[in-house]
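Read-outs: derived from the displayed coordinates by stated rules, not from any lab. Values in this document were obtained by computation on a predicted structure and should not be read as measured data. Every residue, glycine as well, gets a Cβ built from its backbone with ideal geometry; the counts of neighbours run over all protein chains shown.
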């Protein structure tokens, strides 16, 4: 081994392809000491990386049946508060409150509520037409070219 040889950490990174260091790969290709160390390391890591046993078709079927038996909440018709809508849209409460006139909502006992399905449809429809409604950029006046006489 010389001072340029790869250490164990670099060899492990090469084994798992965690780094794309062309210099380390080139050194490995030319250094017999690193090649021998890398081969031994590969043998050790292969033994450590145990193969997960195949559960077979029956195990997969049972897992899918268990998942399908779980009750799926209908998130499409969920009633949401302003705070929940703000969190869902990742904006502030005040932004949603200021945009109430643009969003489909209803009021129950003085409280503003949103139907998630209606809100999604509204946002999707507005997003589809946003390109045609984008503000036009002001046109620049052409600069007259001065010709030398």
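With the crude spin-label approximation of a point 7 Å out along Cα→Cβ, what separation in nm comes out for residue 21 versus residue 89?
Once both label points are built, they end up 4.9 nm from each other.
Restricting things to alpha carbons, tell me how big the stretch 75-131 is in terms of Rg and Dmax, in Å.
Both quantities, over Cα of the stretch 75-131: 11.1, 38 Å.
In nm, to one decimal, how far is the modelled label at residue 36 from the one at residue 102, with both set 7 Å along Cα→Cβ?
Output for this residue pair reads 7.1 nm.
Scaled to the compact-protein estimate 2.2 N^0.38 Å, what is the alpha-carbon radius of gyration of the stretch 8-48, rounded to two decimal places? Don't jump to the answer; show the numbers that get you there.
Details: Rg = 9.8 Å, N = 41, 2.2 N^0.38 = 9.0 Å.
Against the empirical 2.2 N^0.38 Å value, I get 1.09 for the stretch 8-48.
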